[in-house]
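Below is one structure, written out as structure tokens; the observations come after it.
The values are calculated or read from the model by the stated rules, or taken from the named source; none is laboratory data. Since the structure is predicted, the reported quantities are computational estimates derived from the model, not experimental observations. Please note: Cβ atoms are built from the backbone with ideal geometry, for glycine as well, and neighbour counts cover all protein chains shown. Heavy atoms of the whole protein, side chains included, go into the accessibility calculation; ligands, DNA and RNA do not. Shrake-Rupley method; radii C 1.70, N 1.55, O 1.52, S 1.80 Å.
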Amino acid sequence: MKLTLENVRKEYGETVALGRRSDGESRTDGGVTFEVGDGEFFTLVGPSGCGKTTTLRLVAGFDSPSAGIIRFDGRDMRGVPPEDRGVGVVFQNYALFPHLSVAENVAYGLRFSDPPDGAIRDQRVASLLDLVDLSNAGDRDPTELSGGQQQRIALARALAPGPDLLLLDEPMSALDARLRERLRMQIKEIQSTLGITTVYVTHDQEEALAISDRVAVMNDGEVEQIGTPRAVYRHPESRFVAEFVGDNNVFEGTVLDVRPRNAENRTDAAAGSGESPVETKGFGGGSAEPDLAVDVGGVEIRVETSLDVSEGDRVVFCVRPEHMEVRRDENARSDGSNVLDATVVESEFLGDSTRVYLQWRDRELTVRSDDPLDGDVRIDFDAADAHVVERLKK
Amino acid sequence: MSGPTRGNGSSPASDGDSGDSSISDDHDVGSGVLNVPRTDGGSEAEGALSEARSAAATLRRRVEARALTLGAAVTALVLLVVFYYPVATVFVDAVFVEGRLTVEPIVSVLTSRFYLVDIFGFTAYQALLSTIASVLLGLPGAWILSRFEFPGRETLRSLTILPFVMPSIMVAIGFVATFGRNGTLNAVLGALGLPPVELLFTIEAIVIAHAFYNAPLVARVTTAAWESVDASAVETARSLGASPTRAFRDVVLPQLLPAVAIGATLTFVFTFASFPIVLALGGFQLATVEVFIYSRIQNLAYAEAAALAVVETAISVGLTYWYLRYEGRNRGSGQGARPQPRQSLWPDSWTAKATGSRVAIIGYGLVVLAVFVGPIASMVLTSLTGPQGLTLDHYLFLLERQQTGASYQVRPLPAIANSLRFGVGTLLVAVPMGVVVAVLTTREFRGRAAIDTLAMAPFAVSGIVVGLGLLRGLVFGVDAFGTRLQVTGAIAVVAAHAVGAYPFVTRNVAPLLGNLDPRLVESARSLGASRVRALVDIELPLVAAGVVAGAAFVFAISIGEFDSTVVLAEGSTSYTMPVAVERYLGRRLGPATAMGCILLAVTSLSFVIIERFGGRYGGRGGF
């Protein structure tokens, strides 16, 4: 099933929960617009209060939009109550019916429709319990189960009537970290096996990147950017997305100079570090990108961009910590890269690496390192690894 | 992809168009739980059958979608016919005299020294005294219940609900048996060689009887507040340097005062409109507004009664409105994360302080025995004693009256049968009404506050006024749409009882409904349940305890209801047990107490049900 939202807005009295605020600037046309393809795993991610749960509730039909259209396979869902939408919903707090057994919970939706595969109800319930690996839990009381088990029952219950659309509202926020990772793999696996169109809501950007076909990053009632996890991570299109998705170093400065790129000058950033987890080639038009010199607080930093930028523009660009190389040896300078001298403030040992917070001039930078660092360090990064996020309006 | 009752059929078609069915088919092989499009290759007969079935399903859904609205409409209609219309009738009686509009009756009430001072002044005065007495008697109880641990504490705590389900006329009869000239008190005094006292027809008797009713209420709400004081807050104050007394004054007391104020206000509202207790213990010499209105009705002075009723209702509604607003503001302080530890009733060491407080507790216990157990015990005792000691004469009198009583006389069996019939009838009307109102008031919508207030208005209007309105309107007959509408006494009694009782269902059910996670209903609805199905399948089973407790309240209130029943049963055969008690009381105490004991037995049964199902939800219960 294909889900479409067209300029959807939601207001509670004077408060705008979803859509553009009348006073602020906006990049969307008044409301939230996106499309979720058939069988796609689509995630709405953003900080609390950004409107992601509101969006989900509008799709489920628990609330109605103040403006805009929600379509299921092109059909306008205005006025269609939740029970007629054919959606399965899983909430963060499971919302299992405490007075019904696990099997009765899963079977509840089958009171209103026949099992989709023509099976008899008991079979359907058994196969769903099997699907979530809880075959023997049918006769138990939902409250006897652990949080993770309850959440799997909630998933089985939502899937039982064979919904066309699965809606998951922060389904794993109440679970501990390890269980969360295991369950999210299980959810992803079930989703791709069934091929059911899924909208997933989370505030956890790491979870969103791990599980989704595409993500929509939301902020303040609006969609900031939609794309595959890789595209959103590598090419954030707004300062908010750059800062919200993953660790990042965001700079703002004035363009001093724009020159066409010289292919020979290019160095491969990944080659030196050997640990870069993501590819950097193949995005944004390759080596035809012009080279910019940007003045950031008096320091000239060179970045590449495919955006149309001219001298004197204010730009925001970002560099991922994994693209910043720490040089212990002051003389070792790679060609064509930017060099910053900074002071170590704090290190966090993460197990597989160390996250180091640095003070550079009046701002904080984050880099990754294999070793603990302290004192003054020199870091460098390649111009190709700096991504220009946006050109600010003058 | 959907079953026949879901997703109106357009999605399978478009699914087919977009070609994803082939994808589905692939998965189908692997897993048994996939969404498989139903094969539509059936015979025409099957098609027709499924069409008919889906038409029936559509109809059912249409009805279900509107069932809540329908329930609300029926509730509104019932309220309109048996509450707002009768009350309006009384108001019209007060301003229309001999067919012309006049404010003369109301003005005469408001300018008469007799009405203002002797009636309204006295009503407020006795209500104030009763409130003070109830608070004084109730607060030590709250202290003991919330600060001490002893066997039976939980039971005692749930017993504080008991006065609510006690028929007021029965309490009155108990007080007559205790404080009357030949009552238990004087018997005890006589045995001790002391002169008898005359307490009947004095304001003291009325005040003590009111305290019997309302002190447990004060104790109940204060205990709830005390138990919700977080021990951490007290400990924080202590760690910052406050002495135990200072910590009590600064941390505990501010949390208790609103609860005490709520209990006191409610007591004032109840005692201001108190009728049977004042009638039985004060007679017409010490008449409150209610009693005076009743005597005017008996004298067929309807305009005067109506004018008094208008003024009384205005005061009562004002008080109740103020109370509900105050209660609303003070609600939701939340349960303490960790209640303060309780002391044992038997102290570890007998320090002066511990000894003093234990002596005080024993003294209080004796007062409680005298006030609460005394009247009921006296009633039972009086029903079993005669001039020659123990006897069953009074019960035999009831039997005899049953067999030989003249048609105008009140016979016991019809009274019992009527009470039970009206009780069941009231249940059938009041429980659905109460549930519908509870569902409406826990949902957010425009104008909710107005609906809330209108629906709870019966709480504030006295039974006498409703009874008078019903009597003057529907029972005497009303011309509407060219036909004469008239309801029998029995229907009018059930209507009046239901109107008075359903707010108790609402107040028992609404808090439980409000505490339910709204996602339960949303889950049910996304699974295909209509709003009404979600209510029946999910919400009602989860608040069943509240519904049953509310139902027990309804039954007990109907069984014990006196105010409107005595007005409506005037000169008819629809008298109930409380009315019978009052009729017998006019003649001899013995048979009245015997009748009272039967009433006690029936009421106790209702209480057992409340205790079993509602008691464990404790807290504020209905209040």
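The charge dipole of segment A:3-242, taken about the Cα centre with unit charges on the Cβ atoms of Lys, Arg (+1) and Asp, Glu (-1), comes to about 180 debye, rounded to the nearest 20. Compare the Cα positions of A:Val106, A:Leu183, A:Gly162 along the charge dipole of segment A:3-242 (+1 at Cβ of Lys, Arg; -1 at Cβ of Asp, Glu; about the Cα centre) and return the one farthest towards the positive end. It is A:Leu183. Averaged over peptide A:102-112, the number of partner chain Cβ atoms lying within 10 Å of each residue's Cβ comes to 4.
Compute the acute angle (0 to 90°) between the alpha-carbon long axis of helix A:147-159 and the principal axis of greatest extent of the alpha-carbon atoms of chain A; round to the nearest 10°. The helix A:147-159 is inclined about 70 degrees to chain A. Look at the stretch A:189-195: the mean tally of other chain Cβ atoms within 10 Å of its residues' Cβ atoms is 3.
Solvent-accessible surface (1.4 Å probe) assigned to B:Trp143 amounts to roughly 80 Å². Amide hydrogen proximity for A:Leu44: with H placed 1.01 Å from N in the peptide plane, the residues at 5 or more positions away or on another chain lying under 5 Å are A:Tyr200, A:Val201, A:Thr202, A:Ala216. Here segment B:554-611 and segment A:353-387 have alpha carbon centers that stand 86 Å from each other.
Each peptide in A:38-47, B:492-501, A:115-124 receives the mean, over its residues, of other Cβ atoms within 10 Å, and ordering these scores from highest gives B:492-501, A:38-47, A:115-124.
The GluC sites (Glu not before Pro) of segment B:156-260 that meet both conditions, a loop assignment by DSSP and at most 14 other Cβ atoms within 10 Å of the site Cβ, are B:Glu198. Of the residues A:Glu83, B:Glu104, ranked by 1.4 Å probe accessible area with the largest first, the sequence reads B:Glu104, A:Glu83. Legend: residues A:Lys10, B:Lys353, sorted from most to least accessible area (1.4 Å probe; ligands, DNA and RNA excluded), read B:Lys353, A:Lys10. Here the 3J(HN,Hα) profile of segment B:502-513, calculated from phi with Karplus coefficients 6.51, -1.76 and 1.60 at θ = phi - 60°, is 5, x, 6, 5, 4, 6, 7, 8, 4, x, 5, 4 Hz, Gly and Pro shown as x. Amide H to amide H distances under 5 Å link A:Glu390 with A:Val316, where only residues 5 or more positions off or on other chains count and H is placed in the peptide plane.
The angle separating the long axis of helix A:177-194 from the principal Cα axis of greatest extent in chain A is about 70 degrees. B:Leu279 sits among other residues whose Cβ lies under 12 Å from its own Cβ, and their net charge, with Lys and Arg +1 and Asp and Glu -1, is -3.
For the peptide B:537-546, the mean number of other protein chain Cβ atoms found within 10 angstrom of a residue's Cβ is 2.
Among B:Arg66, A:Arg368, the sequence by solvent-accessible area, most first, with a 1.4 Å probe is B:Arg66, A:Arg368.
The string of couplings for segment B:310-315 from the Karplus curve (6.51, -1.76, 1.60, θ = phi - 60°) is 4, 5, 4, 4, 4, 5 Hz, one whole number per residue in order, with x for Gly and Pro.
Around the amide H of A:Arg302, modelled in the peptide plane, lie the amide H atoms of A:Val294, all under 5 Å away and 5 or more residues distant in sequence or on another chain.
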